[in-house]
Amino acid sequence: MKLSPPESFFQPLESYFENYQKVFRASLHSEVKVINSVIGYISRKKGKQLRPRLCIAAAILCGEPEENTYKAAALLEMIHVATLIHDDIVDDADLRRGWPSINRVWKNKLSLLVGDFMFSKALTNMIHLRNFDALEILSNTAERLSQGEILQIEKALKKEMTEEIYFKMVGDKTASLFSAACEIGCLTVSEDPQQRKALAGFGEKFGLVFQIKDDLLDITGNIEGLGKPAGFDLKKNILTLPLIHIFSKLSSSESKKLKQAIKHHVKRSELVQIRNLIQDNGGIEYAETLMLKLSKEAEEELNIFPDTPVKKALVTALVFNKGRNS
């Protein structure tokens, strides 16, 4: 069977990944049939599963993955999927990864409860790690995730988004889980503080790059690649990095006019005009430049590790991220 990214460049850890999948499935099993039905539906469209892959890769860089590595990888994916379910409810989204969203199929109440179920299962796995450092990382990550989402909602309502606030927001709501995945993967096999710090930094920067790429795809992508309508963030009144940048290029009257247009919900016919405005004022180029800078910094975090197939896989993942279309 032909592998597709990211499976192809994470081939060196695929035998370990099979162990993770067994733990993930076992962790989510329930005696309630409808829960298993919803989980089964989610599992049919798994996405990239980058966070568990990063967790396992970090463990291999620092030692030999063990049972706690797989439990950590599973709980990280549970937290991620639970946040996606809750996001779709908040956004009233119809699509997720090209399929009808859970809330569209099972309605909001059941979807919310299944998201809560996944959080509770993640908590159970967290306790089973029996590692206070891991618990501290995960509790801080959970706090950052919720703060990032709430900050995004607040700034979308007020239209008060600076680049500094943007990086605080995406650092919390996206990069924090990437960072936790890498650091905890290391922690399950090693107590070396230098390795932990390097991998936490790599994950944080990888997560920032991942979110910037998502911002660009929201402007330049299409529904086939994204699994959701392009311009979805604009329709939700979310100011992403390319758009934030062009406000510094426009006059106060132009900025006000554009903010008003977005505030009153962007129509499909207006999306092309806004995309052209972002392109012409260097918003896309600016985001791509920052993405390249952060990718380089992320790669430099791995300099303390010897060159191995798994290190190469992590670097390749950074390269792939810059060119992905979904």
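Readers should treat all values here as calculations from the given coordinates under stated rules, not as data from a laboratory. Since we're looking at a predicted model, the values are computed, not measured. Neighbour counts run over all protein chains shown; Cβ positions are idealised from the backbone, glycine included.
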Self-check item: Whole-Å distance, taken between Cα centres, linking the range 184-211 and the range 67-135
Solution: 22
Quiz item: For the chain, what does -39500 (n - 2.57) per DSSP helix run (n ≥ 4), summed and divided by total residues, give at 222 nm, in deg cm²/dmol to the nearest 500?
Solution: -24500 deg cm²/dmol
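Could you tell me what fraction of 2.2 N^0.38 Å the Cα radius of gyration of the range 76-205 comes to, as a two-decimal ratio?
1.15
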Quiz item: For residue 43 and residue 132 in one chain, what is 0.36 nm times their gap in residues minus the Cα-Cα distance, to one decimal in nm?
Solution: 29.0 nm
Quiz item: For the range 41-140, taking Cα atoms only, what is the radius of gyration to one decimal and the Dmax to the nearest whole Å?
Solution: 14.9, 44
Quiz item: If you place +1 on the Cβ of every Lys and Arg and -1 on the Cβ of every Asp and Glu, how big does the dipole about the Cα centre of the range 1-133 come out, in debye to the nearest 20?
Solution: 440
Practice problem: Check every DSSP H run in the chain and write down those whose alpha carbon atoms cover 20 angstrom or more along the long axis and whose mean Kyte-Doolittle hydropathy is 0.0 or greater. | Solution: 67-91, 102-129, 309-323
Quiz item: Which pairs break 24 Å Cα to Cα here: 173/197; 71/293; 205/311; 168/205; 22/48; 71/322?
Solution: 71/293; 71/322
Practice problem: Taking the Cβ of each residue in 34, 310, 114 as the centre, tally the other Cβ atoms inside 10 Å and list the residues starting with the fewest. | Solution: 34, 310, 114
Quiz item: Which order do 20, 286 fall in if you start with the one that has the fewest other Cβ atoms within 10 Å?
Solution: 286, 20
Exercise. Enumerate the whole-percent occupancy of each 20 Å bin, from 0 to the last occupied one, for all C-alpha pair distances of the chain.
Key: 31, 58, 10
Practice problem: Can you figure out the FRET efficiency of residue 143 with residue 320, using R₀ = 22 Å and their beta-carbon distance, to the nearest 0.05? | Solution: 0.15
Quiz item: Sorted from fewest to most neighbouring beta carbons within 10 Å, what does the list 202, 320 look like?
Solution: 320, 202
